[in-house]
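Presented below is the structure to which this report refers.
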Amino acid sequence: MHALLYNLDEHVRMMDAAGIDAAWLTSAAGMSADLERSQLCNDAARKAERDYPGYFIGAAHANPLGGAAAMRELARCKHELGFDGVVITSESNGLFLDAHEFEPFWTAVEKLGLFVFVHPALKLQHSQQFDGYDTARSVGREFSLIMATIRLINSGVFDRHPTLTVHMAHLGGGIAAMLGRIRSYQDKVYWGTADNPRHGATPNRDFDYYLRHNLVFDTAGFCGEISSVEMALIEIPASRIVFATDYPQEIRSREAVRDFVEKVRALGADGERILSGNVNLLLKGRGKAARRSRNTDGGGER
């Protein structure tokens, strides 16, 4: 824990130094949390929007397994607070995202038109193999994101909810490096699992279809290393990647964020798509609205 995690004035100074117009604001405290904490985070996010016009865009926080009360809070976030997306974790309450208990949540967010941001679980459910060297944070959380992506696709969540958009943090846990192997194991006949009700399950379409139509990936989680973004671009089209930094947890200085922005911009057309061109995949015009607000308030357009 450190002061940057709650010092929005410093966050704004970082944004100005790095040339960032607006930030989508989430809180770890409200990720898959109880109703009271979710409401606290949602109201605080809306207050940040008002206190720093044009700088922040609030995220909805609601427990996907929280029942009717949580779904009402989701609706409040959409209709009263004007939020576009909700943040959850890659595993929670002893369940993974393909569990049938999540189905009411997927139905609700699709109906509301909210995108879902999947952040890695802050505490892994099965962490025995990550019992040393801080590997639960360094690689365990990324493994959880890769598994969440595979589970969402193969369980048919996107087939049942074809207009659903899921935003995976951390370049999907670095899933690009694993896609050759993942694709191979989609051939259930070849691997002898076609008759197994669990291991033989596949979606209606090719695995990559969902990567290009239902999933969005962000550049956070790799401590500002541009090589991770470059590697992801080999497998994931730039049209499905958005910019993120994990500031102020992994990257804690204004200069480091500024340098990361410059390195992404140096990727040329792909970099510009990542930095700003894909914003409407998630924020449905709110990014542009925030930019206009900044111009009106004298903040200037980046």
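Structure notes:
- Whole-number accessible area per residue in Å² for segment 1-154, which is evaluated in the context of all protein chains at 1.4 Å: 45 Å²
- Ranking Gly94, Val109, His79 by Cα position along the charge dipole of segment 68-111, where only Lys, Arg, Asp and Glu carry charges on their C-beta atoms, puts His79 farthest toward the positive end.
- Surface composition of segment 157-280: carbon and sulfur make up 48 percent of the accessible area, probe 1.4 Å.
- Within the chain, helix-based [θ] at 222 nm, where runs of 4 or more DSSP H residues each add -39,500 (n - 2.57), nearest 500: -12000 deg cm²/dmol
- Comparing mean-square fluctuations of Arg198, Arg46, Arg258 from a GNM of the chain with C-alpha springs under 10 Å, the top value falls on Arg198.
- The residues neighbouring Leu233, those whose beta-carbon lies less than 15 Å from its own, together hold a net charge of -2 under the Lys/Arg +1, Asp/Glu -1 convention.
- Shown here for segment 156-242: chymotrypsin sites (Phe, Trp or Tyr not before Pro) in loop regions (DSSP other than H, G, I, E, B) with at most 12 other Cβ atoms within 10 Å, namely Tyr190.
- Neighbours of His79, meaning other residues whose beta-carbon lies under 14 angstrom from its beta-carbon, give a summed charge of +2 when Lys and Arg score +1 and Asp and Glu score -1.
- Solvent exposure of Asp51, expressed as accessible area, is near 80 Å², computed with a probe of 1.4 Å over the protein chains only.
- Solvent-accessible area of segment 1-97 (1.4 angstrom probe, protein heavy atoms only): carbon and sulfur portion equals 52 percent.
- For segment 22-53 versus segment 243-265, the gap between their alpha-carbon centres in whole angstrom: 22 Å
- Distant-in-sequence amide H partners of Phe117 (H built 1.01 Å from N, under 5 Å): Val86, Val87, Ile88, His167
- Karplus-based coupling profile of segment 63-70, in residue order and whole Hz: 6, x, 10, x, x, 4, 5, 5, with θ = phi - 60° in 6.51 cos²θ - 1.76 cosθ + 1.60 and x standing for Gly or Pro.
- Cα gyration tensor shape for segment 1-144, rounded if a/c is under 1.5, else prolate or oblate: oblate
- Subtracting the Cα-Cα distance of Asp34 and His2 from 0.36 nm times their residue separation leaves 9.2 nm of extension gain.
- Here the Karplus relation 6.51 cos²θ - 1.76 cosθ + 1.60, evaluated at θ = phi - 60°, turns the backbone of segment 22-37 into coupling constants of 8, 10, 7, 9, 10, 10, 4, 5, x, 7, 6, 8, 6, 4, 4, 5 Hz, with x for every Gly and Pro.
- If the segment from Asp131 to Ile234 were pulled out straight at 0.36 nm per residue, it would be longer than the present Cα-Cα gap by 33.8 nm.
- Annotation: amide H-H contacts under 5 Å for Glu91 (H modelled 1.01 Å from N, sequence separation of 5 or more, or interchain): Ala121.
- In the elastic network of the chain, a GNM with C-alpha springs shorter than 10 Å, the most mobile of Arg181, Arg50, Arg160 is Arg181.
- Tail beyond 29 Å, pair distance distribution of the chain (Cα, percent): 33 percent
- With both residues required to sit in the chain, DSSP beta bridges show an antiparallel share near 10%.
- ³J(HN,Hα), Karplus 6.51/-1.76/1.60, whole Hz, each residue of segment 81-93, x for Gly, Pro: 8, x, 7, 9, x, 10, 9, 9, 10, 5, 7, 6, 6
- Estimated distance in nm for a label pair at Arg160 and Glu225, the labels positioned 7 Å out from Cα along Cα-to-Cβ: 3.7 nm
- Cross-link partners for Lys47 among the lysines, with Cα-Cα distance under 29 Å and sequence neighbours closer than 8 places in the same chain left out: Lys78, Lys111, Lys123, Lys284, Lys288.
- Annotation for Met178 and Glu80: the two label points, set 7 Å from Cα along the Cα-Cβ direction, are 3.9 nm apart.
- Asn63 long-range amide H proximity, modeled H, under 5 Å: Ala33
- Charged neighbours of Phe102, selected by a Cβ distance under 13 Å, balance to -3 (K, R count +1; D, E count -1).
- Tilt relative to the chain, helix 286-296 - C-alpha long axis, 0 to 90 degrees, to 10: 10 degrees
- Rounded if a/c under 1.5, otherwise prolate or oblate - segment 68-152, Cα gyration tensor axes: prolate
The values are calculated or read from the model by the stated rules, or taken from the named source; none is laboratory data. These numbers come from a predicted model, not from an experiment. Every residue, glycine as well, gets a Cβ built from its backbone with ideal geometry; the counts of neighbours run over all protein chains shown. Only protein heavy atoms, including side chains, enter the accessible area calculation; ligands, DNA and RNA are left aside. Shrake-Rupley method; radii C 1.70, N 1.55, O 1.52, S 1.80 Å.
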